[in-house]
Amino acid sequence: SSGINAEWPLRPGSIKEIHDIIAKNITKVEKDFKTKSNTFNTIKTNLAQYEKKESGSLLTRNLAPLVKEEDFVISSEYLVTVCVVVPKSSYKEWEGSYWKLADFVVPGSSRLILEDGEMGLFTVTMFRKTLDAFKNNARDKKFTVREFQYNKEKIKSSTVEIENLRKAKAKAYVPLIKWLKGNFSEAFVNWMHIKALRLFTESVLRYGLPATFMTAMLEPNRKSEKKLRDKLGVLYGSLDRNAGDNQEQMGDIPGVFVSGDYFPYVYFDVNTSFVEAAQDF
């Protein structure tokens with residue numbers, strides 16, 4: 001396309017010019033990715049924090065979705081209703097002693113709101129001035145008083161915030177995926193240009209100038225890889241008959257040895273396993 005031709009001029013440039021184009025392209029992709037992914041991840045993290053509070057045991061989870069306004073004494077100057085988590089094995093002890101845990105606890109005010117696993121959530125009403133004493137005595141008996149006060153406006157605000165975060169996450173997800181798909185292609189093209197630069201450089205170092213060698217890309221199926229290697233060995237074995245006798249002296253030279261094997265031609269592998277994984281996903 002005209003855009004690709006403008007980005008990658010048909011006129012052969014120097015290695016530095018091509019390197020600068022690649023660096024510019026990848027820097028832009030990386031910068032845009034950080035911006036877009038940070039925005040999405042911030043929304044995702046905030047939502048996860050809210051959702052974490054919606055799950056778990058009664059000792060830690062958000063109680064707002066579990067209780068109703070009628071479970072509490074609201075707007076009283078003297079009375080307060082608290083939520084207490086009681087082990088199921090201690091229900092009998094709770095019912096027989098909750099009103100004795102402090103002065104001015106309202107007898108008969110205990111209500112079982114919810115059971116979850118091995119625990120139950122109770123509400124109980126008392127005078128505000130005795131709340132601290134009730135908490136301390138309840139703790140001694142393994143009854144856990146939750147720091148929760150029913151506030152209709154705060155609960156409504158929290159519900160709206162969670163819903164807004166869910167909508168924001170869904171709204172940001174689709175364009176992020178579209179951007180990733182488009183810019184994966186951009187990154188892959190630049191990666192292939194890096195491969196081409198390496199191939200050219202290694203070929204010049206190995207075969208010298210002038211650069212009269214041919215470049216090709218082959219994609220054999222897995223069952224025919226060995227057969228292809230044998231064919232290439234027959235075709236191009238004459239390019240370097242003696243180098244195979246000096247592998248230990250030559251060391252690990254890029255493009256020459258791959259996985260300990262020597263080839264008389266310069267070779268680089270292009271791993272496309274991530275493409276297969278994406279297709280499976």
Whole number please: convex hull volume per residue of the Cα set in the chain, in Å³? 256 Å³
Quick check: with the 1.4 Å probe, what order do S75, S157 take by accessible area, largest first? S75, S157
Using R₀ = 45 Å, calculate the FRET efficiency as 1/(1 + (r/R₀)^6) where r is the Cβ-Cβ separation of K227 and T45; round to 0.05. 0.30
Please report, as a whole percent, how much of the solvent-accessible surface of the chain comes from carbon and sulfur atoms (probe radius 1.4 Å). 55 percent
Can you compute 3J(HN,Hα) from phi for each residue in the range 60-73, using the Karplus curve 6.51 cos²θ - 1.76 cosθ + 1.60 with θ = phi - 60°, rounded to whole Hz and x for Gly and Pro? 10, 6, 5, 8, 3, x, 9, 10, 10, 4, 6, 7, 10, 7
Could you state the angle between the C-alpha long axis of helix 152-207 and the longest principal axis of the C-alpha atoms of the chain, as a value from 0 to 90 degrees rounded to the nearest 10? 20 degrees
Where in the range 118-151 does the label zone of S75 land, with the point 7 angstrom along Cα→C-beta and an amide N cut-off under 17 Å? 150-151
When the chain is fully extended, how far beyond the present Cα-Cα distance does K152 get from V174, taking 0.36 nm per residue of separation? 4.5 nm
Sparse-neighbourhood loop hits (chymotrypsin sites (Phe, Trp or Tyr not before Pro), the range 22-104; DSSP loop; Cβ within 10 Å at most 16 others) -> Y78, F104
With every protein chain in place, what's the accessible area of E118 (1.4 Å probe, Å², nearest 10)? 140 Å²
Dipole axis of the range 172-245 (+1 Lys, Arg; -1 Asp, Glu on Cβ), positive-most option in P210, V174, L228: V174
Result for the chain: accessible area per residue, probe 1.4 angstrom, in square angstrom, of 70 Å²
Is there a quick way to get the dipole size of the chain? I mean about its Cα centre, with the Cβ of Lys and Arg at +1 and of Asp and Glu at -1; what is the value in debye to the nearest 20? 560 debye
What shape does the range 131-245 have by the C-alpha gyration tensor, where a ≥ b ≥ c are the square roots of the eigenvalues, rounded means a/c under 1.5, and otherwise prolate means a/b greater than b/c and oblate the rest? prolate
Candidates L235, L131, L121, ranked by Gaussian network fluctuation over the chain, Cα under 10 Å, top entry: L235
Probe radius 1.4 Å, ligands and nucleic acids left out: which of T39, T212, T272 has the largest accessible area, and how do the rest follow? T212, T39, T272
Square roots of 5 times each gyration tensor eigenvalue, C-alpha, the range 61-192, largest first, Å: 48, 18, 12
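The values are calculated or read from the model by the stated rules, or taken from the named source; none is laboratory data. Keep in mind it's a predicted model, so treat the numbers as computed, not measured. All Cβ positions, even for glycine, are placed from backbone atoms using ideal geometry, and neighbour counts span all protein chains on display. SASA here: full protein model, heavy atoms, side chains in, ligands and nucleic acids out. Shrake-Rupley method; radii C 1.70, N 1.55, O 1.52, S 1.80 Å.
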